[in-house]
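Reviewing the structure listed below.
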Amino acid sequence: MQDLPLKKFFKEFFKKVFNINEETYPVLKSIWNLAWPVVIEQTLAMVSQVVDMAMVGRLGATSVAAVGLSMQPFMLINSIIMGLSVGTTTFCARAKGAKNDEEAGLVLVESMIFSFILGLLLVISGFIFAEKILDFMNAEEKVKEIGAVYFRAMMPGMMFFFLFTIITAALRGVGDTKTPMIVNLQLNIIHIILNYILIFGKFGIPALGALGAGISTSISRFIGAMIIFYKLKNPKGVLYIEFLKLVKRFNYDLFKRIIYISVPAALERIISSAGQMQYARQVASLGTLLYAAHSISINVESFSYMPGIGFATAATALTGLKLGAKDFQGARISVSISNRMAVITMGIMGLLFFIFPVFFLRIYTDDPQIIERAAVLLRIVAFTQIPEAISFVISGALKGAGDTRFVLYVNIVGMWIVRLSLTSLFMRYFHLSILGAWIAMFIDWVVRAILYFYRLKSEKWQFLKI
């Protein structure tokens, strides 16, 4: 009986915060059903990433910097396929909302064909130019040597990662977030086991260090792509495709429409990733130790992305589904509730980063010099969580509506005009070193949140034709 007043308090609290009534409750339930598998999936990915970086972290600051710098170009490569995945999600959601399952399947197959060809070209290029890419990243000689080995080991798995990304994007678009979660659970278990064996050398296999981390990632991504593709062969599934039949029905007009939405999304990702690379180069110029602190702090911050990405994914899928069904009010309510849920959860994570920075950092490293420098950075990023949450959800909703061009413009302003220019100003003229770079990042996210909120209120995104 003593628990009743507390339960009543939370019940009333959530009613007021999310404006729960007969109209909004079904939307809240849909958001939660879509979001929680994504949150679990992101948690699993984070566990895998934590294990990856924690194991590499035990190899020393040079290996940490090598893997961290190598991941920046991967983000640029990924940006292209992530752009295509936005178009895939948007069109699959619209088709599902309009109860056209056959078109949703055709969208997926056409996206898979394009991703395979594009992935093959990018993988070959990345394998050939690994050293030059690390040179561009201002890597020190030893860091470049380890980073190039890791980079090449990751490349074979990229093509399968592309296929996996496209298929999971389509599944989320039609409202199935549980299948990607289950498959990610399986491949992350495989990844962690392979990491342990290959990095440190177990069961008769020699210790491969950073090379082992790259190989284990490639193997697990291949397995993940095969499993998720097999799931599409189930006639009772949410999204069932007869691959060869749909290949023969390739629709060039539909493909052009997908590309029309995907290109701005890809450019947004490319510009953002290129900006991140330039940002990383600016920080790398401060030396290996500070860059290691920067890299680990970025990894810690990713903990907060789990709920944020979950609610952003829900906003993307529901916006597309509601607009496909011509339910404009439902689309607006979906964005509003998703936004509130993201702000609350990421705000709590920010509070934890501010109070317990060392706890999170020790997950990745036991180097006291790295921890000392990174703790300050985590306290700065604690204040970034709320504007990031707003930006995640609203940009996700705009993508679900097909408003990818506005998202592109915001990213150009935020990354290239605000963050990079302020980083240079704070580091060179105010001599704030790495603190200046992270203060600039905070200002960048505040600017983005303001611009996205303005676009959301204009309601122009509801009436875009795709």
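Would you check which residues across segment 255-270 are open to solvent by less than 10 Å² (accessible area, probe 1.4 Å) and of a type outside the set (Val, Ile, Thr) and list them?
Answer for segment 255-270, where residues must be open to solvent by less than 10 Å² (accessible area, probe 1.4 Å) and of a type outside the set (Val, Ile, Thr): Ser262, Pro264, Ala265.
Taking segment 436-449, which residues are without any contact (Cβ under 8 Å) to a residue 40 or more places away in the chain and open to solvent by 30 Å² or more (accessible area, probe 1.4 Å)? Don't jump to the end; show me each part of the working.
Residues of segment 436-449 without any contact (Cβ under 8 Å) to a residue 40 or more places away in the chain: 436, 440, 443-444, 447.
Correct list: Ile443, Val447.
Return the residues of segment 280-329 that are of a type in the set (Phe, Trp, Tyr) and either open to solvent by less than 10 Å² (accessible area, probe 1.4 Å) or within 19 Å of the chain's Cα centre (by Cα) (or both); say none if nothing qualifies.
If we filter segment 280-329 for residues that are of a type in the set (Phe, Trp, Tyr), which is where we start, we get 291, 303, 305, 311, 328.
Within segment 280-329, Tyr291, Phe303, Tyr305, Phe311 qualify.
Could you check segment 174-193 and list, in sequence order, the residues that are surrounded by fewer than 20 Cβ atoms within 10 Å (Cβ to Cβ), touching a Gly at 6+ places or on another chain (Cβ under 9 Å) and among the hydrophobic types (A, V, I, L, M, F, W, C)? Hit for segment 174-193 is Ile190, nothing else.
Restricted to helices (runs of 4 or more DSSP H) entirely inside segment 140-253, those with at least 1 residues that are within 18 Å of the chain's Cα centre (by Cα) and of a type outside the set (S, T, N, Q) are 141-173, 178-200, 210-231. Just for segment 240-254: of the residues that are among the aromatic types (Phe, Trp, Tyr) and touching a helix residue (DSSP H, G or I) at 6+ places or on another chain (Cβ under 8 Å), which one is most open to solvent (accessible area, probe 1.4 Å)? Looking at the filtered set, the residue picked out is Tyr240. Within segment 370-401, being open to solvent by less than 30 Å² (accessible area, probe 1.4 Å), of a type outside the set (A, V, I, L, M, F, W, C) and within 26 Å of Leu290 (Cα to Cα) holds for Thr384, Gln385, Pro387, Glu388. Restricting attention to segment 149-173, the residues being open to solvent by less than 10 Å² (accessible area, probe 1.4 Å) and either touching a His at 6+ places or on another chain (Cβ under 8 Å) or among the hydrophobic types (A, V, I, L, M, F, W, C) (or both) number 10. Put simply, of Val407, Val418 the only residue that is assigned to a helix (DSSP H, G or I), open to solvent by less than 10 Å² (accessible area, probe 1.4 Å), in contact with an Asp or Glu (Cβ under 6 Å, 6 or more places away or on another chain) and closer than 25 Å to Ala280 by Cα is Val407. Looking only at residues of segment 210-239 that are open to solvent by 90 Å² or more (accessible area, probe 1.4 Å) and modelled with pLDDT under 85, we find that the one that is nearest to Phe160 (Cα to Cα) is Lys233.
Pairs linking a residue in segment 283-300 that is closer than 23 Å to Ala382 by Cβ and without any contact (Cβ under 8 Å) to a residue 60 or more places away in the chain to a residue that is in a loop (DSSP other than H, G, I, E, B) and open to solvent by less than 30 Å² (accessible area, probe 1.4 Å), with Cβ atoms under 6 Å and 6 or more positions apart or on different chains, do not occur. When Gly68, Gly60 are checked against the criterion of being at pLDDT below 70, among the small types (Gly, Ala, Ser) and open to solvent by less than 10 Å² (accessible area, probe 1.4 Å), Gly68 stands alone in meeting it. Within segment 9-21, is there a residue that is surrounded by fewer than 19 Cβ atoms within 10 Å (Cβ to Cβ), outside any loop (DSSP other than H, G, I, E, B) and modelled with pLDDT of 70 or more? No, every residue in segment 9-21 fails to be surrounded by fewer than 19 Cβ atoms within 10 Å (Cβ to Cβ), outside any loop (DSSP other than H, G, I, E, B) and modelled with pLDDT of 70 or more.
Just one residue in the set Phe151, Phe164 is closer than 21 Å to Asn188 by Cβ and not acidic (Asp, Glu); that residue is Phe164. As for segment 132-144, it holds no residue that is open to solvent by 10 Å² or more (accessible area, probe 1.4 Å), acidic (Asp, Glu) and modelled with pLDDT of 80 or more.
Condition check: closer than 30 Å to Pro26 by Cα, open to solvent by 10 Å² or more (accessible area, probe 1.4 Å) and hydroxyl-bearing (Ser, Thr, Tyr). Does Ser433 satisfy that? Steps first, please.
Working: closer than 30 Å to Pro26 by Cα: no; open to solvent by 10 Å² or more (accessible area, probe 1.4 Å): yes; hydroxyl-bearing (Ser, Thr, Tyr): yes.
In short, no.
Candidates in segment 451-462 are the residues that are part of a helix (DSSP H, G or I) and touching a residue at least 40 places away in the same chain (Cβ under 8 Å); of these, the one that is surrounded by the most Cβ atoms within 10 Å (Cβ to Cβ) is Tyr452.
The values are calculated or read from the model by the stated rules, or taken from the named source; none is laboratory data. Note that this is a predicted model, so its numbers are computed, not measured. Glycine gets a Cβ as well: all are built from the backbone with ideal geometry, and neighbour counts include every protein chain shown. Only protein heavy atoms, including side chains, enter the accessible area calculation; ligands, DNA and RNA are left aside. Shrake-Rupley method; radii C 1.70, N 1.55, O 1.52, S 1.80 Å.
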